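Structure, as structure tokens:
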Amino acid sequence: MSSSPDTAALPAPAHEGAARFAAGLRRAGLRALGLVAALFALLALTFVALYHGRLDPAEQLVGANATREAYLAARAQLGLDDPLHQQFSAYLGRLAEGDLGRSLLTREPIASDIRRSFAATLELGLLSFAGALVVGLGLGLGAARWRGGWPDRLCQGTVLVGASTPTFWLAMIGLAVLYAQLGWAAGPGRQAVFFEGEVVGPSGLLLLDTALAGRWDAWRDALWHLALPALILALHEGAYIARMVRTLVAAEFGKDYVLTARIKGLSPGLILWRHVLPNVRVPLMAVLTLSLAALLEGAVLTETVFSWPGLGRYLTSSLLIGDLQAVMAASLLVGVIYLTFNVMADALQGWLDPRVQG
Amino acid sequence: MKHMSLDATPAAAGSVDFDRRCWLAGGALSLFAPSLLAAPSRTPADQLVVVQDLSTITSLDPAAAISYDAMRVLEQCYETLLRFGAADGNKVEPTLAESFEIDAAQRRLRLRLRASARFASGNPVTAGDAAWSLQRVLKLKKGADSVLVARGFSAATADADIRALDERTLELRMPGEEAPQPLLNALCSAITSVVERAVVEPMAKDGDMGHAWLASRSAGSGPFAISRWAANEVVVLERTAAHWRTKPAMRRILIRHIAEPGVRALMMRSGDADIALELTADDLAGLEREGQARVHRFLQSRFFYLMSNTEVPALADPAVRRALQQMVDVDTIARAVLKGHALPLRSLLLREAIEPPPPRDTVFDAAAARAAFERAKVGPLKMLTLAQPPFAELAQAVQAGARQCGLTIEVETLVGAQLFPRLRARRYELALAAFSPANPDPSIMTDTLVINADNSAQGNSASLAWRAGWQDNELMQLAREAGRMPDAAERMAKYRRIDTLFAQRTPVAPLFQPISKVAHAPQVRGFLLTPYRTSLVDVVKS
């Protein structure tokens, strides 16, 4: 029995599957290698920048009035007199063993510091992102839907305020008006100082830990403290999302298929939800993913004004005293977050639009 | 081309109205939602909330206490053998020691400890604990030891020089030749706090004498104990079960890290803080005017200085160094730039009180400075300073003054971890920074501003005179003589003579002495805040 010429030209299904799997594996391998190389480059660059920044943690440890003997002893203890390559290879060796070192600022293991500060940033970041989604999608879609109308003007006004006003200033004004003047918002910090250390939970996320502990007074207090910084960050990040959504959606509204749909009698809402949004979902996902990543790296200025013990503030405080190991660990986490979200954005795009995969 | 509207039908218009109402309602709800959760904010009657910048605290072990912020905390949890008087900062009074005596040769100090003194654990405070605590400071070499090293003690001889003769008698052999007063002052410092050996020693790891363990805990005999310390977040102090001398009215003291002065002021306004440290002049004025706070002022044990590196050829000339002092209009800068947060200081003797105000400065002379710079053909200079208030503003003012005198100064702002290593390595031309003497004894000032026995690279890099590369044998001799004088009046006269010569020759020109301004809620009374002593034990809220 002979096969037809058409079917003979096609590869056997089993071979095709294996080849696709191998190609996929190769792509994943290359991607993983790329990620490792990117993280190594990040570590190396951070290390060199800190080394040449001439920040001396020994000085910070013993103080400006310390004797030469105490100062030199601190330098030796921290290994600061070793050459750059030796310090870096020693650091990588410890990192490979999972040892991030001990913070010079908190005197605690850096791994636990990072866990604690990232939990604070994560909690704030997720709530801010939820707010940013509401603000950004709501205003962006509204502005594109009613171009030139008041929703568009509101969107442009919000974008102007949210994107061009420094968050530091917004945070100060927010505290001055909503906290000190009107009493509608909580003051700085993650919780009222009277709850300090009362609820220590497994996750470090106060809302979750207080709920698990059944401490609803502390839960309410934690939510109250989250509200204002989350609002400020949501406004800032939401402005970016709104601008992108407006641009993406407005561009689609000018295309022929929208005109066709309209001629067919479809309502504007239906056109937006059924035709326009599916067409912008790929770039929109990239915008949202990167927004979330930006919120999770820690907002230094907002965290400083609100005394929020998050990752951004931990990194800055460690940097100011020249705590190389803590800065490296925090930078590594920021790098991992960005790269992970980039990979996720790519995967999501591939899933939503198979043309991207090739 | 006509713009096509997508809202053509009446139905669509109706849906727009509905949409708009929903959006407005949503917006209003999201704005007011936090207020639904709002709780009243007032501090409880038995808890004291202090807000300040805690970023200088990197350990709460007395042997590593290198900042005043750390010492303020330690003073609530530990006690020292002696302490400065509340009313007279120069008077030393016994605390854990009930008495002390100095032998006729002035070489031995013997302290008799109180029998009633107890640690937080309930155990008695013994001379053994006191000796071990002082030896520990010297042996750990965590920077705080400089207070005792300056008095001639060292890690090598600590066991021989500091001994417990019995349960209640401690003897210190004074290694140097100076009079006992500087050592008595040193024993008032929180660095020399007595820690409970039986609690701390078992926690030692890798020969650290319990340093890592004690960084965030306390083992003292003070009225409070450290319950929690989270760097750059909070320090929580709890009243100890039964203090041997008194029972504080406050059950807890919560010291919260708030980096922004403006936010600290807002917390005072909202009643979320009882005491706020280091506020801006505008905030203090506002709080005081509106009756929301009272302001307590005291002169800090600290001074800002302009230092020139004499190893730089242009700055080796004493006339140029003098001109660098003459170009700074301290009166105007204190008024316009520092806005009452500092007093002019042209002396190595710190002022003790804000009033009366210092006499008008007579050193500022722009014409003389210009002439000196022209004569010496001084080129542009680079000045290093700290990237924190008020140094950047101060540097700009000095820069502007120099420009009027024909001198170009480029300012480079650095964080402490960058600036001080460069001063230690003498890699700078000019530096604008601050120094904080550990206690009011003038010998502390001459130790750093005058004494530089070894000007080589191996010399004492903690001394400002060494950092400036400056040695003046006559002044050093006078400073050593003053240090040996037992009579206080004669000693002070000698220091005044040193001060006159110092002002004419020094490359380290003191410029200002800052004033601490502490805002406190009107109902908060009973705290003691002086440059060398802080006590919150008697705080009450009326």
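Note on B:233, B:201, B:75: ascending count of other Cβ atoms within 10 Å places them as B:201, B:233, B:75, the fewest first.
For residue B:118, the residues 5 or more places off, or on other chains, whose built amide H falls under 5 Å of its own are B:125, B:244. Each label point was placed 7 Å from the Cα along the Cα-to-Cβ direction; for residue B:86 and residue B:312 their separation is 4.8 nm.
Here the simple spin-label model places points 7 Å from the Cα toward Cβ, and for residue B:169 and residue B:107 these points are separated by 1.9 nm. The lysines whose alpha-carbon is closer than 24 Å to the alpha-carbon of residue B:139, local same-chain residues fewer than 8 away aside, are B:205. Residue order for B:272, A:323, A:209, fewest other beta carbons within 10 angstrom first, comes to A:209, B:272, A:323. Looking at the protein assembly as shown, the DSSP beta bridges with both ends there are about 75 percent antiparallel.
For the peptide A:220-229, the mean number of other protein chain Cβ atoms found within 10 angstrom of a residue's Cβ is 3.
Count, for each residue of B:232-239, the Cβ atoms from other chains sitting within 10 Å of its Cβ, then give me the mean as a whole number.
Numbers: counts 9, 11, 6, 1, 3, 0, 0, 0.
For this peptide, the per-residue mean of nearby foreign Cβ atoms is 4.
Amide H contacts for residue B:227 (H built 1.01 Å from N in the peptide plane; partners 5 or more residues away or on another chain; cut-off under 5 Å): B:236, B:237, B:238. Derived scalar couplings between HN and Hα for segment A:163-171 equal 8, 9, 8, x, 4, 4, 5, 4, 5 Hz in order, rounded to whole Hz, by the Karplus curve 6.51 cos²θ - 1.76 cosθ + 1.60 (θ = phi - 60°), x for Gly and Pro.
Here the 3J(HN,Hα) profile of segment B:223-240, calculated from phi with Karplus coefficients 6.51, -1.76 and 1.60 at θ = phi - 60°, is x, 10, 10, 6, 9, 7, 10, 10, 3, 6, 10, 7, 10, 10, 10, 10, 4, 6 Hz, Gly and Pro shown as x.
Rounded to the nearest 0.05, the FRET efficiency derived from the C-beta distance between residue A:68 and residue B:367 at R0 = 56 Å is 0.85.
Given +1 at the Cβ of Lys and Arg, -1 at the Cβ of Asp and Glu and no other charges, the dipole of segment B:82-199 around its Cα centre is 240 debye to the nearest 20.
What you get for the protein assembly as shown, charging only the Cβ of Lys and Arg (+1) and of Asp and Glu (-1), is a dipole of about 1160 debye around the Cα centre. Cross-link reach is defined here as a Cα-Cα straight distance under 20 Å, omitting same-chain residues fewer than 8 places apart; for residue B:377 the aspartates and glutamates meeting it are B:311, B:317, B:365, B:410, B:429.
Using R0 = 56 Å, the C-beta based FRET efficiency linking residue B:481 and residue A:39 works out to 0.35. Close amide H contacts of residue B:354 (hydrogens built in the peptide plane, cut-off under 5 Å, sequence separation of 5 or more or a different chain): B:299.
Per-residue extension of 0.36 nm, minus the Cα-Cα distance of residue B:159 and residue B:456, leaves a gain of 103.9 nm for this segment. Counting Cβ atoms of other protein chains within 10 Å of each residue's Cβ and taking the mean over peptide B:253-266 gives 5. The relative contact order of chain B, computed from alpha carbon pairs under 8 Å that lie at least 6 residues apart in sequence, is 18 percent.
Bridging of residue A:264 to lysines at a Cα separation below 21 Å is possible for A:255, B:2, once same-chain residues fewer than 8 apart are set aside. Peptide packing: for B:346-359, A:183-196, the average count of neighbouring Cβ atoms within 10 Å per residue gives the ranking A:183-196, B:346-359, highest mean first. Rounded to the nearest 10 degrees, the angle from helix A:216-253 to the longest Cα principal axis of chain A is 40 degrees. Per-residue 3J(HN,Hα) values for segment A:140-152, derived from phi via the Karplus relation 6.51 cos²θ - 1.76 cosθ + 1.60 with θ = phi - 60°, read x, 5, x, 5, 6, 5, 10, 4, x, x, 5, x, 5 Hz in sequence order (x marks Gly and Pro). A Förster radius of 30 Å combined with the Cβ-Cβ distance from residue A:163 to residue A:194 puts the calculated FRET efficiency at roughly 0.20. Each residue in A:246, A:20, B:525 was given a count of other beta-carbon atoms within 10 angstrom of its own, and listing them fewest first yields A:20, B:525, A:246.
Quick note: the coordinates plus some simple rules give every number you see, no bench work behind them. These figures come from a predicted structure and were not determined experimentally. Ideal geometry is used to build each Cβ from the backbone, glycine not excepted, and the neighbour counts take in all protein chains shown.
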